[in-house]
Every structure is written in structure tokens, then in C-alpha cells.
Amino acid sequence: MNVMEKEDKRIYVLSKEEPARAVLKMGLPLIAGMFIMVMYNLVDTYFIGLTRDDYQLAAVNLAYPVMMVAIAVSNIVSSGASSMCRMSFQGMGKAQYAFIITFIRQLILYVPLLLLLNRAFGFGGMIWAQTVTEVIMMIVSVILLTRVINKEKSELQEV
């Protein structure tokens, strides 16, 4: 399934299906990701609790809200700004820019960051790789969209 078909499916889900069903279809993957992170934290807390070291347990409990906020920000950004920019490019008939954004996100940023941060921080590095990738892509997408819109405006003014 290519990028266009995925976007068309999302648009169909949001525009044609009843709201409760659309929210379930679009929200369940995010909920599943958050649930996996909660389970990870529970298992992590259990094993650290076995060490009977209060400082390590406190550190895990202090880091948990930071991880959850990072995941929430990542989900907001990924389902918000980047998707909006990709859909805007496709609506303008410039699907090549949407492809470029997807290519940069997946191959140039996410995979190397995933490998690098996973090696540096372990499992937590995977979470930060997604968050860092999404924030960078939000900035890149908005800048690219702004430039394309400004270029379109200048071409219209010349005519």
C-alpha cells in the first residue's frame, strides 16, 4: 500500500464512517502503543524493585512521566503536523514532496536514530528515536510547506 492509498483510507475513515468507529480505528494503535509502554514500565519497576534499592526505584518512577509525555508529544506531532503537510502537498498536486517527507522520516532519520539511540539508551532509545524523528519532521515539513506555498504565491502574482 503506497502513501496515497494510506492517506485516502484515513480520509475515508474520518469522513464517511460514524465518529465512534472512526475514533476507534484511528485511536486504537495509539492506545496500544501507550499500553505497551505502561507494561514496559511495570516490568522495569518490578525487576528494579527486586534490587531493593530505593534510589533506583525512585529514578524509574521519576522517569516514567517524562517517557509518557515524550510519547504523547510524539503521537500528537506525528498525527498532526507531518500528516497535515503531506496531505497539503497531495492536495496541491505535489505528491513528490509528500514522498520526500516520508522518505526522510523513515529512512534518513528514524532508522539511524533507532539504531543509534537503542545502542546508547537501550529500550528507552526506541521511544526517543520516534519522538526526535517526529519533532524534526514537523519542523522540516512546515518549512518545506511554507516554501512551496510562498513559491506558488509568487508564481501567481507574476501571472
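Inspection of the range 110-126 identifies at least one residue that is part of a helix (DSSP H, G or I), under 16 Å from the mean Cα position of the chain (by Cα), small (Gly, Ala, Ser) and within 16 Å of Tyr40 (Cα to Cα).
Flag: Leu109 matches the condition of being among the hydrophobic types (A, V, I, L, M, F, W, C) and under 28 Å from Val38 (Cβ atoms). Taken residue by residue, the range 150-159 has no member that is of a type in the set (A, V, I, L, M), in contact (Cβ under 8 Å) with a residue 12 or more places away in the chain, out of contact with any strand residue (DSSP E or B) (no Cβ under 9 Å at 6 or more places or on another chain) and at negative phi. Between Met92, Met138, Met126, Met84, the distinction of being of a type outside the set (Ser, Thr, Tyr), over 26 Å from Gly33 (Cβ atoms) and at pLDDT below 85 belongs to Met92 only. So is Thr102 touching a residue at least 40 places away in the same chain (Cβ under 8 Å), under 25 Å from Leu42 (Cα atoms) and either in a helix (DSSP H, G or I) or within 11 Å of the chain's Cα centre (by Cα) (or both) or not? Spelling it out, it is not the case that Thr102 is touching a residue at least 40 places away in the same chain (Cβ under 8 Å), under 25 Å from Leu42 (Cα atoms) and either in a helix (DSSP H, G or I) or within 11 Å of the chain's Cα centre (by Cα) (or both). Restricting the range 33-63 to residues that are of a type in the set (Ser, Thr, Tyr) and surrounded by 14 or more Cβ atoms within 10 Å (Cβ to Cβ), the residue that is nearest to the chain's Cα centre (by Cα) is Tyr40.
Here Met68 fits the description: within 20 Å of Ala129 (Cα to Cα) and either without any contact (Cβ under 8 Å) to a residue 60 or more places away in the chain or not in a helix (DSSP H, G or I) (or both).
Among the residues making up the range 84-99, those that are under 15 Å from the mean Cα position of the chain (by Cα) and crowded, with 17+ Cβ neighbours inside 10 Å are Cys85, Arg86.
The condition of being crowded, with 16+ Cβ neighbours inside 10 Å, touching a Gly at 6+ places or on another chain (Cβ under 9 Å), of a type outside the set (Gly, Ala, Ser) and more than 22 Å from Ile31 (Cα to Cα) holds for only one of Leu117, Leu109, Leu144, that being Leu117.
The values are calculated or read from the model by the stated rules, or taken from the named source; none is laboratory data. Nothing here was measured: the structure is a model prediction, and the numbers come from that model. All Cβ positions, glycine included, derive from the backbone under ideal geometry; neighbour counts span all protein chains shown.
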